[in-house]
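Right, one structure below, let's go through it.
Just so it is clear, none of the values below were taken in a lab; they were calculated from the coordinates. Computed from a prediction, not measured in an experiment: that's the story for all the values here. No Cβ is skipped: glycine too gets one built from the backbone with ideal geometry, and neighbour counts run over all protein chains shown.
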Amino acid sequence: MQQKAKDIRALTIKCIASIGQGHIGGSYSIVDALTILYFKHMNVDPKNPKMEGRDRLVVSKGHAGPAVYATLAYKGYFPVEELYTLNKIGTNLPSHCDMNKTPGIDMTAGSLGQGLSCACGLALGSKLNHDNAYIYCIIGDGESQEGQIWEASMFASQQKLDNLIVMLDNNKLQLDGYTDDIMSLLDPVKKWESFGFYTQSIDGNNLDEIDKAITNAKKNKGRPSMIVLNTIKGKGVSFVENATTSNHSMPISKEDLEKALKELEA
């Protein structure tokens, strides 16, 4: 799993470098979660992306698309070479995830705050179909300043959507700066517990902890789950991590790419 996560980070930065700039920070912070989801827990079939009863993932923070695309390509949904068409004319890989363009994308995202509502609908539909699927949703900490996140959380709890597992990418940074300076979530664990969620707080860049947290969430019955992923924005490559408030979307030169790939080989 460690090697898979490194490989996905390498593909992600190659993808972004192919166009010269992109959302590397928030992509890297969720690579470990994506690795565990797609290679340990999710019931999916790359050869049949629309398989009935499959587990689904809604990446509500849709600007993390490059990491999702790298994971899907690595899983076999489409050729790795397509990654290098990111955001170019005629591409099937737009800057933000689009279910109408990319095999394996279960919900279009990018308008922050909406993805959790969509995930709630998918989870309710799954229950009505009795297909035993799990619906996963990754939301951002800056995104959680949107009121729609909390409306969706109320709905999920009211409907007892225990097949819904939400992950908060708590990397403490957003487009314009530190989340605590802009609009702090204070204690996200207490917040989601108060909304009726079974809530866990873990090191969101630790593969084993993510694995265990998802396993625990699947055992939870009668209420939705929240896993607070305490992550580092840009995790995995030093110069991206160190860029902090500048790594939301940053230029990646050929020299940067070479430096990053060298680190990832270590």
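The table below lists the values:
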quantity: Label-point separation, Asp7 to Met99 (7 Å along Cα→Cβ), nm; calculated: 2.9 nm
quantity: Dipole of the chain, positive end: most advanced residue of Gly26, Gln145, Leu72 [Cβ charges, Cα centre]; calculated: Leu72
quantity: Low-density loop cleavage sites - chymotrypsin sites (Phe, Trp or Tyr not before Pro) in the range 134-179, where at most 11 other Cβ are within 10 Å (DSSP); calculated: none
quantity: Per-residue [θ]222 nm for the chain (sum of -39500 (n - 2.57) over DSSP H runs n ≥ 4, rounded to 500); calculated: -11500 deg cm²/dmol
quantity: Within the range 150-266, percent of DSSP bridges classed antiparallel, to nearest 5; calculated: 15 percent
quantity: The range 153-199 - charge dipole about Cα centre, Lys and Arg +1 at Cβ, Asp and Glu -1, debye rounded to 20; calculated: 200 debye
quantity: Relative contact order of the range 35-161, pairs being alpha-carbon contacts under 8 Å that are 6 or more residues apart, as %; calculated: 29 percent
quantity: 13 Å cut-off, amide nitrogen to a point 7 angstrom out along Leu257 Cα→Cβ, residues in the range 63-103; calculated: 81-86
quantity: At most 11 other Cβ within 10 Å, DSSP loop - GluC sites (Glu not before Pro), the range 9-102; calculated: Glu52
quantity: Shape call, the range 33-176: gyration tensor on alpha carbons, a/c limit 1.5; calculated: oblate
quantity: Ranked by how many other beta carbons lie within 10 Å on average, peptides 243-250, 111-118, 165-172 from highest; calculated: 165-172, 111-118, 243-250
quantity: Dipole magnitude of the range 1-147 about its Cα centre (Cβ charges: Lys, Arg +1; Asp, Glu -1), debye to nearest 20; calculated: 300 debye
quantity: Where trypsin sites (Lys or Arg not before Pro) fall in DSSP loop in the range 1-64, at most 10 other Cβ within 10 Å; calculated: Lys47, Lys50
quantity: About the Cα centre, charge dipole magnitude for the chain (Lys/Arg +1, Asp/Glu -1 at Cβ), debye; calculated: 640 debye
quantity: Normalised contact order of the range 114-266, rounded percent, pairs of Cα under 8 Å and 6 or more residues apart; calculated: 23 percent
quantity: The range 112-188 versus the range 1-80: alpha-carbon centroid distance in Å; calculated: 19 Å
quantity: Antiparallel bridges, percent of DSSP beta bridges restricted to the chain (to nearest 5); calculated: 15 percent
quantity: Label-to-label distance, nm, for residues given as Asp45 and Thr215 (7 Å Cα→Cβ offset); calculated: 2.7 nm
quantity: Highest-fluctuation residue, Ile30, Ile13, Ile252 considered, GNM on the chain with Cα pairs under 10 Å; calculated: Ile252
